[in-house]
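The values are calculated or read from the model by the stated rules, or taken from the named source; none is laboratory data. Predicted model, so just to flag it, every value in this text is computed and none were measured. Positions of Cβ are generated from backbone atoms using ideal geometry, with glycine treated the same way; all protein chains shown enter the neighbour counts. When the accessible area is computed, the model is the full protein with side chains, heavy atoms only, and any ligands, DNA or RNA have been set aside. Shrake-Rupley method; radii C 1.70, N 1.55, O 1.52, S 1.80 Å.
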Amino acid sequence: IFKEAVEKGADVRFAAIFVMEEMKHLNRSGMNVDSMDWDKISRVIAMPSKGVIKTSGVAPILLELQRNGGEPDEMVSKLGLSPMEEEDVKAEVMNLISGRYDLIEAFKEGRTGPLMGVLMNSIGYRVSGSRIIPIINDLI
């Protein structure tokens, strides 16, 4: 799977870690990776390198593929894992922090965890935290 994923454009480091560690974890969690189409698995592993999804979206897509079949590209939209556009991220951040003065103050004091936790729980599969922090700083 590693070789196929890299040939399809996957980041070498991510593919190696995913195949060696995450695939074992998925197997232990009850997902029968060996029964799945390896071409589909390798296409999903390559998606983050192509900007189609974040790395955190790989496992949910594979789980959905095993449960219900289908094509990896279909799963991205079905599961709501498409990356968010900058304006959509700003709007979502504004909506989520509106009236959350305790979290905003904690963020200003350097305690980013509570606010980031709220935001990442809502939009974490669609945007990386490194994109969210500058937006928060601009808004507060």
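Data for the structure
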read-out: Filter result (under 28 Å from Arg131 (Cβ atoms) and either among the hydroxyl-bearing types (Ser, Thr, Tyr) or surrounded by 19 or more Cβ atoms within 10 Å (Cβ to Cβ) (or both)) within the range 15-39; value: Ala15, Phe18, Val19, Met23, Leu26
read-out: Count of residues meeting criterion [among the basic types (Lys, Arg), within 19 Å of the chain's Cα centre (by Cα) and farther than 15 Å from Lys54 by Cα] in the range 81-140; value: 1
read-out: Helices (runs of 4 or more DSSP H) within the range 28-137 that include 1 or more residues more than 20 Å from Phe14 (Cα to Cα) and not acidic (Asp, Glu); value: 58-68, 72-78, 86-97, 101-108, 113-123
read-out: Filtered residues of the range 55-83 (kept if surrounded by fewer than 18 Cβ atoms within 10 Å (Cβ to Cβ) and either in contact with a Ser or Thr (Cβ under 7 Å, 6 or more places away or on another chain) or of a type in the set (Gly, Ala, Ser) (or both)); value: Ser56, Ala59, Gly69, Gly70, Ser77, Gly80, Ser82
read-out: Hits in the range 21-63 - residues which are of a type in the set (D, E, K, R) and either in contact with a strand residue (DSSP E or B) (Cβ under 6 Å, 6 or more places away or on another chain) or free of Cβ contacts under 8 Å to residues at least 60 places away in the same chain (or both); value: Glu21, Glu22, Lys24, Arg28, Asp34, Asp37, Asp39, Lys40, Arg43, Lys50
read-out: Residue match in the range 114-134 (condition: open to solvent by less than 70 Å² (accessible area, probe 1.4 Å), farther than 26 Å from Pro60 by Cβ and touching a residue at least 24 places away in the same chain (Cβ under 8 Å)); value: no
read-out: Selected residue (only one of Val58, Val44, Val33, Val76 is modelled with pLDDT under 85 and touching a helix residue (DSSP H, G or I) at 6+ places or on another chain (Cβ under 9 Å)); value: Val33
